[in-house]
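Structure first, then comments.
The values are calculated or read from the model by the stated rules, or taken from the named source; none is laboratory data. Only a predicted model underlies this, so the values are computations on that prediction, with no experimental measurement involved. Cβ placement follows ideal geometry from the backbone for every residue including glycine, while neighbour counts extend to all protein chains displayed.
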Amino acid sequence: MTSITIGTFAAVGPAKNGLMTEQVVIQVRDMIREGKLKPGDRLPPEREFAKRLGISRASLRAGLRFLAAMGVLTSRHGSGTYIAEGPPVLDSEPLRMLAALHGFTYEELFEARRLLEVGLAGLAAEHAGDDHLATMAEEVAEMYATLNDPQEYLIHDIRFHRAIAAASSNPILATLMDMVSAVMYEGRRETVNRAKDLKESVAMHREIYRLIRARKVDEARAAMSEHLALAQRAFASEERSGTSPAKDARVQANATNGKRHARSKLLRNRR
């Protein structure tokens, strides 16, 4: 294990190819690819890191949270943030680019998740090894520990689902899940602070883990299907609760005016 010196990182500056948080992700990703950051390396303290990059701590924290959710970074209480052991997910760009180009809806995303993750839960119940089960148990414990911090909770939620994918013993499906989880995280981090069902959610995660550990294939698939239905309803609720009354009023007013305009046009055409 080594500690990375602060001079290793370049200042982010004005975002030319994306948001500042995205630039943090890109810089860390590229340094891993180039071998400048290796598994076990410890990142600089947050305050020094943000100052060196020339960005706010909030922007840095958002970028680091994304990397943690994708399994690139891991935090150790009282020790710091490290480059995670094992192969991190660094290539979710293709799906994210398609999402930007074609405007994926979250109904479509959840439909894809159901088709993918229900099957993954069944495969995990068949193939999960002790290390996979230990990772799932750890992420469930971390979800319970972060119920009062929705952003941190979300990181462990995403990592739990990635652990199930890894336990499927199918690297193609696991890679697809990694890509989907990147898009999922980007959308949910905007709404998760309004979540009201985290206790119910973590209980369902625990039940899915219990069924996978017990090798109950059909039950694990059914529990995952139920969980995803709850997650979709929760996301829709979070989005609705984030809409301001003033915006709702403007939308309603525009809709009413549109209907009046359409009626007036119809009457004129009839004359």
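Some values worked out for this structure:
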quantity	calculated
Failed item in (1) assigned to a helix (DSSP H, G or I); (2) out of contact with any His (no Cβ under 7 Å at 6 or more places or on another chain), with ALA163 passing the rest	(2)
Scope segment 16-25; condition modelled with pLDDT of 70 or more and of a type in the set (D, E, K, R); matching residues	GLU22
Residue within segment 119-126 that is modelled with pLDDT under 95 and either assigned to a helix (DSSP H, G or I) or not assigned by TED's automatic domain parsing to the domain that holds ARG188 (or both) present	no
Some residue of segment 26-40 being modelled with pLDDT of 80 or more, basic (Lys, Arg) and either surrounded by 12 or more Cβ atoms within 10 Å (Cβ to Cβ) or out of contact with any helix residue (DSSP H, G or I) (no Cβ under 8 Å at 6 or more places or on another chain) (or both)	yes
Which listed residue is at pLDDT 95 or above and part of a helix (DSSP H, G or I), from VAL202, VAL180	VAL202
From THR191, THR135, THR175, THR146, residue being surrounded by fewer than 18 Cβ atoms within 10 Å (Cβ to Cβ) and either touching a helix residue (DSSP H, G or I) at 6+ places or on another chain (Cβ under 9 Å) or modelled with pLDDT of 95 or more (or both)	THR175
Considering residues of segment 162-185 that are of a type in the set (Val, Ile, Thr) and touching a residue at least 24 places away in the same chain (Cβ under 8 Å) only, the residue farthest from VAL118 (Cα to Cα)	VAL183
